[in-house]
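The values are calculated or read from the model by the stated rules, or taken from the named source; none is laboratory data. The structure presented is a predicted model; accordingly, all values stated were derived computationally and were not measured. Note that we place each Cβ from the backbone using ideal geometry, even for glycine, and neighbour counts take in every protein chain shown.
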Amino acid sequence: MPGAPLQLAETSLGPYLLWIAVLIGVVLLATFGILVLRRRLLEAPSARRTDAGVMDELRALRDQGKISTEEFDAARKRIVARIAAQSLASGLPDAPGAAPARPAAARRPAPPGPAGPGTAP
């Protein structure tokens, strides 16, 4: 009918809003799951904890007589050398026998000692 006013179809938005909310929830859950998975994959196990476990196993093998003391010492030295190399590479000062990593500009000269008799000014 040419003169009749346009009538909009009466549709309920309820089902559409429900599905939009469900989709938003799925996206949020997937994002959270990906973040948790990413954190677990990128979080490397502590090398020191792993090396401590290896050292415990080596001690047990030595105590049981399955490896000799020389083999134990050789394995221990390799582990210590690896830890030292990793610590030096990452700039950590706690490597066995390593000096603290400080830039030259941060080093301060020792303060002068008290001037007493017999010391040159």
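Quick notes on this one:
- Contacts under 9 angstrom Cβ, first residue in region 75-94 being closer than 18 Å to residue 52 by Cα, partner outside any helix (DSSP H, G or I) and at pLDDT 75 or above, 6 or more apart: 75/67
For every residue, the table says whether it meets (1) within 36 Å of the chain's Cα centre (by Cα); (2) at pLDDT 75 or above; (3) assigned to a helix (DSSP H, G or I).
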residue	(1), (2), (3)
2	no, no, no
18	no, yes, yes
24	yes, yes, yes
29	yes, yes, yes
40	yes, yes, yes
61	yes, yes, yes
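- Only listed residue being part of a loop (DSSP other than H, G, I, E, B), at pLDDT below 60 and of a type in the set (A, V, I, L, M), chosen from 105, 101: 101
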